[in-house]
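Read the structure below first, then the notes.
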Amino acid sequence: MTKFKRLPMIAFSLLAASFHPAIAADRADDMVATEAGGGIVLLGGIGYTWLKGTELVYSSAGNRISQLDWETQAPALTGTVKGRLSDFWTVSGAATIGFSGDSHMEDRDWLAPFSPSFEFDDWSDLSIHSETKLDRYIDLSVAVGRDFAISDNAMINLHGGLKYTDVKWTAYGGSFIYSTNGFRDDVFNLANGTRNITFEQRYPGVFLGAETTVTGGRWVFTGLLRGGMTVGATDTDHHWLRDLRFEDEYGAISFLSLGARVDYSVRSETHIFLAANYDKYFRKIGNSEYYDINTGEHLGAGKKGAGMKFESFTVSSGVKIAF
């Protein structure tokens, strides 16, 4: 699966390149007024997304005792609409939707008395689920902002808004290495098609951001930077074979969004584009409640017993039309 550490550098590089050092204050109002005349802009694209979510369980002593890593590569659709409330003020909405694709999950436990330590490679139990399906991936945002001209060919839009990300997987079957009577002494497989674990993460949040646009001839370069916090983030974990449902709640989770886009004008109102977007929700520890799946009976709770994090990287290309 794709590693994410280098992916944000693509967006960072284009974002940094999009700022022009010269400030033409005397032409700023004319620049905004000229750019503001567009009305409504629509972008529609098709691309590919890489998703990685992590689910964590902690002991009462604060040790990580379980980690489930979910990964997906999948086709995606992207869409953006942007309109003007006035000459300077804008409103925009964006959506990314992932479809099926290739998913994978690995589940590790560090359980006494067989785990030598809580280091990653000292797990006591491991299951690998190549038959994992992406049930849902949606990422939505809406923002209100104001344009400021910073040179004769560059503009920055300062904005704030709301964002919501929802991702859900189900793992089936799997191959297992368990420590039953000794360290990693039990090896077995679960039949394909046997539903094992379903995991869903939900991230509603608020953000502040800046989008910079630089025009050069037929080319338009756009860089996006946003930072925010979630409000009421949750996850739900169904362990079907154990008849357990875990409901986890979290405090504010920091997140970061980076974007870069290159447009090329084929007509005055029509562009083709290539875009890249990266999102990261940082690791957070939360509280867990667990229930019987069939009866709904509350079975217990764990303070600071759950954790999660998530990141995504999407590339897309498509058409931009101004009305």
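The values are calculated or read from the model by the stated rules, or taken from the named source; none is laboratory data. Fair warning: this is a prediction, and the values are worked out from it, not measured in the lab. In this analysis, Cβ positions are derived from the backbone assuming ideal geometry, glycine residues included, and neighbour counts consider all displayed protein chains. Ligands, DNA and RNA are stripped out before the accessible areas are found, and what is left, the full protein with its side chains, is counted by its heavy atoms. Shrake-Rupley method; radii C 1.70, N 1.55, O 1.52, S 1.80 Å.
Could we say that SER117 is free of Cβ contacts under 8 Å to residues at least 24 places away in the same chain and open to solvent by 20 Å² or more (accessible area, probe 1.4 Å) here? Answer is yes for this residue.
In the set (1) over 18 Å from VAL220 (Cα atoms); (2) at pLDDT 95 or above, ASP29 fails one condition alone, (2). Contact annotation: residue pairs with Cβ atoms under 6 Å, 6 or more positions apart or on different chains, pairing a residue in the stretch 218-231 that is touching a residue at least 40 places away in the same chain (Cβ under 8 Å) with a partner that is open to solvent by 30 Å² or more (accessible area, probe 1.4 Å) and among the β-branched types (Val, Ile, Thr), are PHE221/VAL262; THR222/THR213; GLY228/VAL206. THR194 passes all but one of (1) out of contact with any Gly (no Cβ under 7 Å at 6 or more places or on another chain); (2) β-branched (Val, Ile, Thr); (3) more than 30 Å from HIS271 (Cβ to Cβ); which number fails? Checking THR194 against (1) out of contact with any Gly (no Cβ under 7 Å at 6 or more places or on another chain); (2) β-branched (Val, Ile, Thr); (3) more than 30 Å from HIS271 (Cβ to Cβ), the one that fails is (1).
Where residues in the stretch 83-103 are assigned to a loop (DSSP other than H, G, I, E, B) and among the hydroxyl-bearing types (Ser, Thr, Tyr), which of them is farthest from the chain's Cα centre (by Cα)?
Step by step, filter the stretch 83-103, then rank; the result is SER86.
Inclusion of LYS304 among residues that are open to solvent by 40 Å² or more (accessible area, probe 1.4 Å), under 22 Å from PHE99 (Cα atoms) and of a type in the set (D, E, K, R) is not warranted. In the stretch 225-237, the residue that is nearest to the chain's Cα centre (by Cα) out of those that are surrounded by fewer than 19 Cβ atoms within 10 Å (Cβ to Cβ), within 20 Å of LYS168 (Cα to Cα) and of a type outside the set (A, V, I, L, M, F, W, C) is THR234.
Residues considered: GLU311, GLU297. Of these, the only one that is open to solvent by 10 Å² or more (accessible area, probe 1.4 Å), in contact with an Asp or Glu (Cβ under 9 Å, 6 or more places away or on another chain) and of a type in the set (Asp, Glu) is GLU311.
Any chance you could count how many residues in the stretch 42-58 are open to solvent by 30 Å² or more (accessible area, probe 1.4 Å) and either modelled with pLDDT under 95 or among the charged types (D, E, K, R) (or both)?
1
Selection of the stretch 158-193 for residues being open to solvent by less than 40 Å² (accessible area, probe 1.4 Å), more than 20 Å from LEU56 (Cα to Cα) and assigned to a strand (DSSP E or B) yields HIS159, GLY160, GLY161, LYS163, GLY173.
ASP135 meets the stated requirement of being touching a strand residue (DSSP E or B) at 6+ places or on another chain (Cβ under 6 Å) and open to solvent by 70 Å² or more (accessible area, probe 1.4 Å). When the stretch 78-114 is filtered for residues that are open to solvent by 30 Å² or more (accessible area, probe 1.4 Å) and in contact with a Pro (Cβ under 8 Å, 6 or more places away or on another chain), the ones remaining, listed by number, are PHE99, SER100, GLY101.
Among the residues of this structure, SER127 does not count as one that is assigned to a strand (DSSP E or B), open to solvent by 10 Å² or more (accessible area, probe 1.4 Å), among the hydroxyl-bearing types (Ser, Thr, Tyr) and at pLDDT 95 or above. For the stretch 203-220, does any single residue satisfy the condition of being open to solvent by 20 Å² or more (accessible area, probe 1.4 Å) and closer than 28 Å to ASN294 by Cα? Checked the stretch 203-220: no residue is open to solvent by 20 Å² or more (accessible area, probe 1.4 Å) and closer than 28 Å to ASN294 by Cα.
Working only within the stretch 285-323, note down all residues that are hydrophobic (A, V, I, L, M, F, W, C), closer than 17 Å to ILE65 by Cβ and touching a residue at least 24 places away in the same chain (Cβ under 8 Å). If you could, list the steps in order and put the result at the bottom.
Going through the stretch 285-323, the residues hydrophobic (A, V, I, L, M, F, W, C) turn out to be 285, 293, 299, 301, 306, 308, 310, 313, 315, 319, 321-323.
Adding the requirement that they be closer than 17 Å to ILE65 by Cβ leaves 285, 301, 306, 308.
Within the stretch 285-323, ILE285, ALA306, MET308 qualify.
Counting the residues of the stretch 257-269 that are among the hydrophobic types (A, V, I, L, M, F, W, C), part of a strand (DSSP E or B) and surrounded by fewer than 19 Cβ atoms within 10 Å (Cβ to Cβ) gives 1. Residue selection: GLY296 satisfies the criterion of being outside any strand (DSSP E or B) and of a type outside the set (D, E, K, R).
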